[in-house]
Each structure stands twice: as structure tokens, then as C-alpha cells.
1. Only one of B:V243, B:V183, B:V228 is open to solvent by 10 Å² or more (accessible area, probe 1.4 Å) and aliphatic (A, V, I, L, M). Can you tell me which?
2. Sort out for me the strands (runs of 3 or more DSSP E) sitting completely within region B:1-108 that have 1 or more residues that are within 14 Å of another protein chain (Cβ to nearest Cβ) and surrounded by fewer than 19 Cβ atoms within 10 Å (Cβ to Cβ).
3. Among the residues of region B:266-277 satisfying the criterion of being open to solvent by less than 40 Å² (accessible area, probe 1.4 Å) and under 28 Å from the mean Cα position of the chain (by Cα), which is nearest to B:T292 (Cα to Cα)?
4. One residue is enough: does region A:254-265 have a residue meeting the conditions part of a helix (DSSP H, G or I) and in contact with a Lys or Arg (Cβ under 7 Å, 6 or more places away or on another chain)?
5. Can you pull out the residues in region B:112-127 that are within 14 Å of chain A (Cβ to nearest Cβ) and modelled with pLDDT under 95?
6. Mind listing whichever residues of region B:274-313 are aliphatic (A, V, I, L, M) and at pLDDT below 85?
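The values are calculated or read from the model by the stated rules, or taken from the named source; none is laboratory data. As the structure is a prediction and not an experimental result, all values here were calculated from the model. Please note: Cβ atoms are built from the backbone with ideal geometry, for glycine as well, and neighbour counts cover all protein chains shown. Note: accessible area is taken over every heavy atom of the protein model, side chains too, but ligands, DNA and RNA are not part of it. Shrake-Rupley method; radii C 1.70, N 1.55, O 1.52, S 1.80 Å.
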Amino acid sequence: MTVSRPWRIALRVIGLGYLAALLLVPVAVIFYRTFEHGIGAVWDSITTPAAISAFTLTLEVTAIAVPLNTIFGIVMAMQLARGRFRGKTLLNALIDLPFAISPVVIGLALVLVYGLNGWFGRSLADAGIQVIFSTPGIVLATIFVSLPFVVREVTPVLKEVGDEQEQAAATLGANAWQSFWRITLPSIRWGVAYGVVLSVARSIGEFGAVSVVSGKISGETETLTLLVEKRFSNFDLAGAYAASALLAVIALVTLLAMTMIKPRREEEEH
Amino acid sequence: MIAVEGVSKQFGDYTALDNVSIEVPDGSLTALLGPSGSGKSTLLRIIGGLESADSGRVVINGQDATNVQPQKREIGFVFQHYAAFKHMTVRDNVAFGLTIRKQPKQQVADRVDELLSVVGLAGYAKRYPSQLSGGQRQRMALARALAVEPRVLLLDEPFGALDAKVRAELREWLRRLHDEVHVTTLLVTHDQEEAMSISDHIAVMDNARIEQFGDPRELYDAPSNAFVMGFLGPVSRLGDRLVRPHDIALAAEVEEGALEAMVSRVIHLGFEVRVELMLTSGEAVTAQVTRTEADELELNQGDIVWLRSAGATVLPAPAEPPASAAPADPPAADAALPPRAA
């Protein structure tokens, strides 16, 4: 498409302006407000026992949810890309469910199934396992909302790579396990890495579903996003900004990781 | 030796192989030749264990391999699109089968060096497949397949993705390699020239069956049916028989048993001259003569000549499909022709 010079500049201004107004300015304001009263106040605010507990819980939940979703994602992607079975289309649509359903609804659904009055809640409670208003519930909610990323990133890569390399490996004596570790996984590694980065970002940032199932017990079941919300509603604006800034920093680090992966991915594709 | 006994394979409603049997002699280079969709690749993949047969048996070196996993068949398989391990260097690609077998490192390194020099890639060990040309990738794939000292080598259209010049070079190179290594080799191709130029034996396939098995000359000179004859070389229809264009003798004078025809075009192709003729029945015939013969006859468009089949390769022509037959040979025209040769 050829566009005249003034138009091109106008389009660029509109595009950048949109990005600035909706993304850059809010994030910049958060950082500005956070450090308005000096770094000491920020440090105090993010090192309170509640903040440290929220930060550790968030990392814990992410550290459980992301590996599980990565393994599940790779297995599922292999089924979707290679498998021939009935109901594949249905399964394919189901994978996107977490994207389609509002996180709040997901949270409520988990309460209905695992809550004390839910389907499994009573028997789990009898066995001494508390899911809702406890860490397992938060992990479940996080797994649910971040489930599609690895599958969606890996499936197209698997389809593109094809299975000829695996067939070649088989004729050279490799069993299924060797073929997976030496051939399949290395050839989809950038897709997996990209999916993992997205899952991490989503897991850390999840609010809606976690908010419903956590019970928001300070120092126990409060994640970083919940802490931000609580401080904000309690008019502790400085505290809310500090916790937000911490979240934003984590997000920026994951974003950085993503951009570092991207060029390597493109390099491989020629 | 590879023996396939009564193998059939269906893909849904589609019959890929229909009760196929073949024996590939020890140490030979044998080609499976046929048009696309004839079942040749499916047969190769069944021998390699990459597909399973619905019925029948595959025997490799006397052992029933029908239900043996591909990794236990001790075969080397080369794919049309190389199937190079893209994330590995050339060295690691070739070493793959040996590394999997956990052979000592030094032994693997020595064997890989040896193979890389055999396939002419000695200086390329540290490169990645993306840094190689198509021909080099395929030679790497061959080295990789040979590294594990397979009992049989299976090549699926190995040169099909390469341009004509590289293909011809690699073909010659493969033949020389085979003469050195002597591993029983089965090669799938749709290119009759490729099959004729490098193989000891050819199995011609069509419609899920093997039409004929023999050495290249045998197939060319004594094809068992019109399909084999047509697939291995040019064919002209002379009256009710099929002959090779170079087996048609032209004469300026009336000869016993010869057919009258008019020259419609003379095409000079260097040493060869292709003569397009029209029989009195209205059928078109192509003959191929040498330049000397053409000069002696002083062939010109519109000349009347007499045609006779002079070669040994003659088959009765099959009934032509109605669509093309209808306008060309009315029964009355036959009566006007001179009697045909015995």
C-alpha cells in the first residue's frame, strides 16, 4: 500500500498517540507517583510483612502453575497437531475457554466445585485439604486462566515443523522418549519459551479469579494484585503505587525476556 | 535381501497397495518406479516401518520385520525433503544414530569424520543444515543414514527436491557410493531416466500394484504391457501395435506389410530427427530416425513414405478410450490399408 507522506505522518501520530494515552502515560504516572516521596518510603512500603508475604505467594503460585501448564500445554499441543481422534475440534475450542470466560466467573465456578458446600469440597475438607480461601485454590484459579498460552504458542510451531524429523530419528534408532528430548523439544523450544513468558505474565497479574477464591487473608492468601487493590480501597495510595510499581517491574522484565526470545525465533525460521 | 509378501494397504477408501510382492536382491540397487499415487512411497514406508501394512509380510534379511518398530529394523531411511535435524550441526546430525546407541565418543567422532569425507562434506562439520545447499543436505542425510551401518538403505525420492543439474550429479554419485558400500538399496522415483541410469533392477508400479520387475534393459525391450512400455520410454501407435519411435523404419518405396503415411512435420534435434507422420487412417505417428537416414530419404513435409516396425519391442495396442477413438478410426478406413506385417 502506498500512502502519501502527510498521511503517513498522520497515521504514525495517531498510532503512537493512542499507545501513549492508553499505555505509556498511566504506567509512567505510576512510577512517578511511586517515587514522588523518595525511594525510602517505597522500600518501607514493599517490605512490610504483608507485602513480602504477598510477593512470595505470587511467586509460589506462579512457580507451581507455570510448569504444570507448560507440561500440559506441550502434551496437548502434540495431540492437537499430530493426533487423529474424535472430538479434536471440540477440544481445540475448549482450550480457549479460559480466554472466553470472565476470570470472576472462573473463580465462582471453582468455589462451587471445591468450596465447603461444593461438589468435592466436603470430602476434601474431611481429608484435611482446604482448597478455597487457601493456596491450592489460588493455584487452581491461576492454572485455569493461564492454561491456553503454551498450547496456543506450541501447536502452530509443531504443525510447521512436521513429523519428518521424528520419523528420521526413529529410523536411526531413537525411541519415543529420546526422540522427544533430542528432536521434538529442541525444535519447538522458542514456542515453548514464548508460551512460558506469557503464562508467567498472566499468572503474576491475575486478579479476578484469584480475588474470588483467595479470601484475601492478609499475610496468608493475599497475592500482589490483591494487595494493590486492598491498599487502594483503604486510601493508602502511596502503598498501592509502590506495590503496583513492583508488579510493573516484574511485567517489564518478562516483556524484556519476550523481546529477547523473539528475534531468535525469527532467526530460526528462515 | 528385502522380501515383501502380499502386502495391502488402504487409506480409508483409497487403495494404496493391492497385494504387492517383491524381492530386492542382496547388495543391489533397486528402483521403485511409478507415477505419483502408484503406491511406491507407501511400499517403501511399510518396508521402513513408518507405515503398517493391513495384510502381508515384510522380511528383511530372513527375519520377519512386519511388526518390528522402525528403530529396531536396522534400516537407513532418506527422505525427499532431507528431514535434517535443524537445531544440530552437520556433525551432530551424522552422529545421531551412534550417540543414541551410546557408543564411545572417540569412536563416534572417527566414524563421523570418515562418513563426512565419503559424502564430500569434510569441511562442513560445524555448519547447520540451514547453511547447506539442498544437495549437501541430502548428502548429509545419506551419511546420517549410513552411520548406523543399516542392513538396507531406503531412499524416498531422494533427489526429487533438487534442480535438474544437481540431481544428475547426485545420481551418479549415489551409484558410485553404492558400488563402494554395497548396502542393499531401494530407491523410490518417478523419473524413469533416474531409475534406468542407476539401478540394477526396476519395479514399475501403477495403481497400487507392481506391473513388472526386471533389469532396466529387459523392461525397456520387453515391457509386459502398454503402461510399462509407455512409462519407460516414448511410444508410437502404428496401426494396431505399439512400437518405439526409433523402431519405425521409413522407406520411400512400397514395401510388403508397410503402412502408407504422409510426412506432416520434420523436426531436427541435432543427431536425431523426429518425423511426425499421418497414416491414411488419419492417425498421427511419430518416428525417430538418424540424421543420415533423414538425409537419404530427403524427407519433406507432404512426402509419402512407407512405415514398418523394425524393432523387437512390439505390443498389441490396447483399445483406445472411446473419447479419442471416435473421430480418428472409422472401421471403413482399415479396409483401405495394406495388410499388416506378421
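1. Details: B:V243 fails: open to solvent by 10 Å² or more (accessible area, probe 1.4 Å); B:V228 fails: open to solvent by 10 Å² or more (accessible area, probe 1.4 Å).
After applying the criteria, what remains is B:V183.
2. Counting at least 1 such residues, we get B:2-11.
3. The qualifying residue nearest to B:T292 (Cα to Cα) is B:V273.
4. no
5. B:L115
6. Matches in region B:274-313: B:A310, B:A312.
Residue-by-condition table, conditions (1) within 20 Å of A:M258 (Cβ to Cβ); (2) in a helix (DSSP H, G or I); (3) within 11 Å of chain B (Cβ to nearest Cβ):
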{"site": "A:E153", "(1), (2), (3)": "yes, yes, no"}
{"site": "A:E166", "(1), (2), (3)": "no, yes, yes"}
{"site": "A:Q178", "(1), (2), (3)": "no, yes, yes"}
{"site": "A:W190", "(1), (2), (3)": "yes, yes, yes"}
{"site": "A:A193", "(1), (2), (3)": "yes, yes, no"}
{"site": "A:V196", "(1), (2), (3)": "yes, yes, no"}
{"site": "A:V200", "(1), (2), (3)": "yes, yes, no"}
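Residue-by-condition table, conditions (1) surrounded by 16 or more Cβ atoms within 10 Å (Cβ to Cβ); (2) under 20 Å from the mean Cα position of the chain (by Cα):
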{"position": "A:R12", "(1), (2)": "no, no"}
{"position": "A:E60", "(1), (2)": "no, yes"}
{"position": "A:A65", "(1), (2)": "yes, yes"}
{"position": "A:F72", "(1), (2)": "no, yes"}
{"position": "A:S102", "(1), (2)": "no, yes"}
